1. Only residues that are of a type in the set (Lys, Arg) and either at the interface with chain A (Cβ under 10 Å from one of its Cβ atoms) or assigned to a loop (DSSP other than H, G, I, E, B) (or both): list them for region B:253-298, please.
2. Looking at (1) open to solvent by 20 Å² or more (accessible area, probe 1.4 Å); (2) at pLDDT 90 or above, which one does B:Arg86 not meet, given that it meets all the others?
3. Considering every residue within region B:237-257, establish whether at least one is modelled with pLDDT under 85, farther than 30 Å from B:Glu101 by Cβ and open to solvent by 50 Å² or more (accessible area, probe 1.4 Å).
4. Considering only region A:168-282, give the helices (runs of 4 or more DSSP H) lying wholly within it that have at least 3 residues that are within 14 Å of chain B (Cβ to nearest Cβ), over 20 Å from B:Asn301 (Cβ atoms) and hydrophobic (A, V, I, L, M, F, W, C).
5. So if I check each of A:Tyr135, A:Tyr163, A:Tyr118, which one is farther than 14 Å from A:Ala312 by Cβ and buried (at least 18 other Cβ atoms within 10 Å of the Cβ)?
6. Scan B:Ala195, B:Ala90, B:Ala140 and give me the residue that is within 11 Å of another protein chain (Cβ to nearest Cβ) and within 22 Å of B:Thr290 (Cβ to Cβ).
7. Output the residue which, of all residues in region B:193-229 that are of a type in the set (Val, Ile, Thr) and crowded, with 21+ Cβ neighbours inside 10 Å, is nearest to B:Ala135 (Cα to Cα).
8. So A:Tyr189 fits all but one of (1) under 26 Å from A:Phe234 (Cβ atoms); (2) surrounded by 19 or more Cβ atoms within 10 Å (Cβ to Cβ); what number is the exception?
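The values are calculated or read from the model by the stated rules, or taken from the named source; none is laboratory data. Everything numeric in this text was worked out from a predicted model, so none of it was measured. With ideal geometry, Cβ positions are generated from the backbone for all residues, glycine too; neighbour counts draw on all protein chains shown. All accessible areas refer to the heavy atoms of the entire protein, side chains included, with ligands and DNA or RNA removed. Shrake-Rupley method; radii C 1.70, N 1.55, O 1.52, S 1.80 Å.
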Amino acid sequence: MTDDDDPGTDTADDDGTRSRARSRTDERGRIRITGFEADRVRDRDSLSEWGDEAAGGTNGGTAAGMDGRWRRGLRRFGRNRSAMTALAVVVSMALVSLLARPVEVLGVVVQPFALAPYDPTTILYLSVDPSVSPYDPPSWRFPMGVDGSGRDLFSRVLVGGRYSISIGFVVVGLTASFGLAYGAIAGYYGGVVDEVMMRIVDVVFAFPGLVLALVVVATLGGGYWQLVIAFSLFGWAGYARLVRGEVLSIAEREYVVAAKAIGARDRAVIRRHVAPNALSPLVVLASLNVGSVVIGVAALGFLGLGMDPGTAEWGTMLDATRETLIQGPGGRIPWWATVYPGGAIFVFVLAMNVIGDGINDALDARAAGVREGKRRREADRGGDES
Amino acid sequence: MSLRRFVVRRALSVVPVLFGVSVITFGLFHLTPGDPVSQLVALNPDVSAAEEARLRERWGLSGPVWRQYLAWLSNVLVGDFSRELRTGRAVSGILWRRLPETIVLGAFGWVFAIAIAIPAGIYAAVNKGRFGDVAARVLALSGVSIPNFWLGLLLILVFSLYLGLFPVLPPSRLPLYHPETLRYLLLPGVTIGTAAAASVTRVMRTSMAEELNEEYVTAARARGLPERTVVFKHVLRNSLVSVVTLAATLTAGIVAGSVVVESVFNWPGLGSEFVRAINRREVNVVMAITLVTAVAVVLANFLADVLYAVLDPRIRYD
């Protein structure tokens, strides 16, 4: 697709013409080359995918180029009200789960706060109040009701985020960095290396992630780090494929050719030029993947294969309610035991996906970047003049 | 490149992938400590070393790993997936009995997804920025974000327990072609199809909105064609191409989803069998289902590529 197809370009060019006309009158008397309009050429550059940075790279100031695009993306993200709301939701959910109960590391209390009223594993009718019975409905004392084993659901939902959320971010961090390296190497070297490496990715892609995670957990057993391994072991393939595609297009750019021509070593070229440029789509994919890992962890928990049964983890909590729900609990239907833990997963994943969409919009140079970049450049110019 | 040559070349590229799939499947179960025989032996301390050796021989677990692999592969290629450790039933029999159930469920999920998503995507793109579009986008985003097991539980909660419209448990021994099956199929089918429906809606809306900005649309409108012709005859066909590229990913999603959804609804397909086999450590069953799943995904990918090449001839020249 050429730049001219995009209607966004046309309007931007119109703006550009107007501003150029104005600046021309300011600079009366200078020699001007007609037929070559620097502004327009610069616009074209920024239109090509992730091109801003390429421009930064050619000027020898990769860092400056990076900075500009990320700062611009950040500003656009900040103006996206739904994305900012979602960010607030995610941050507060993470904070609440962290502050829900005190955290001890090797017997030392590092986090003394306790937002949750009860310990998530305390069986209320044994140690707190004998009048509490399993599946008590929500009340002022127990805002989300009592679960099938007589534990306070509200406390459990608050604490439950610890596992899911942290596993989500840890797994995405590990898989994205490995996928970045893998894809960058495959795309940069090309040829046989690329062929072999990408065939491996094809093979990994043939297995649905959840199936592999189930198999890994079945062999390793449940637990926190086992879950991390289960989702990391094969989760990198998507990033690798994405990065490799980006790198293939980047490797053709002039500044990479130039870097190679002046004798830069492969590793330096990959690290300084190729990898940073493939970063934007990677960040988008990573932000969208946090939600799917969280769902996957919860799904394993729900199937009884995640954390130990009884752990206050969102998915594991749902596992315990399923039997009573399907068999019918003798009279009342304890909807709270199903609705609240699942709702917590849903809200978190929804917020994560809104953030991902927001990052996508903010970093996507093609969709909205033209006018934005234009305005910034004009602002810069205005600043110079005053 | 002619279509036939493209198909042949693409089919040939499936072979190494299938080989890799078999290696990974085998490796996952055989390079980890604690093979089934040592588990059996651990349960019974009276087993002598000679008996253990005979057991290993019987389950194909003796000799170097590569020879075990070759023996396993040659059996699998002729459809022999060995036997269940405890009952001695042939695994292929289990596969054949469970597979149709999963296919029916997955197909229903697909049909549901397409039936909802294509019209919703078209509607949202045509009415971009209006209320209907916003509603469709919010629903699609929720559909992508909702965990399928929770959705299933909620559907059971509302439709089976509160409204009593559907039975909670699936058919005990009803054959699949029985008309009553459709009623049991509805809730799990909707559950498994929701994620696909939501993704297709999102992609459909985006690609449709993009296509509507193309010059040929303006040209068609300028020629005075009615908007309906423009949307349904010109734009729709082009935007469907991007849905086809998504189809393989979504099929993988539905396959993975069947593991969870079948467990929620006690649907007697491959997915629930998989979970049961994992809990009982029936390695041969787990291996067989893992392999079948992966092969299904590879074939889905292949079909999607072929379909893509049919719809968009440019792809054949890459």
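1. B:Arg281 - this is the single residue of region B:253-298 that is of a type in the set (Lys, Arg) and either at the interface with chain A (Cβ under 10 Å from one of its Cβ atoms) or assigned to a loop (DSSP other than H, G, I, E, B) (or both).
2. Evaluating B:Arg86 over (1) open to solvent by 20 Å² or more (accessible area, probe 1.4 Å); (2) at pLDDT 90 or above leaves (2) as the failure.
3. Looking for residues that are modelled with pLDDT under 85, farther than 30 Å from B:Glu101 by Cβ and open to solvent by 50 Å² or more (accessible area, probe 1.4 Å), one finds at least one in region B:237-257, hence yes.
4. A:209-220, A:224-232
5. A:Tyr135
6. Criteria check complete, one pass: B:Ala195.
7. Of everything passing the filter in region B:193-229, B:Thr201 is nearest to B:Ala135 (Cα to Cα).
8. Status for A:Tyr189: all satisfied but (2).
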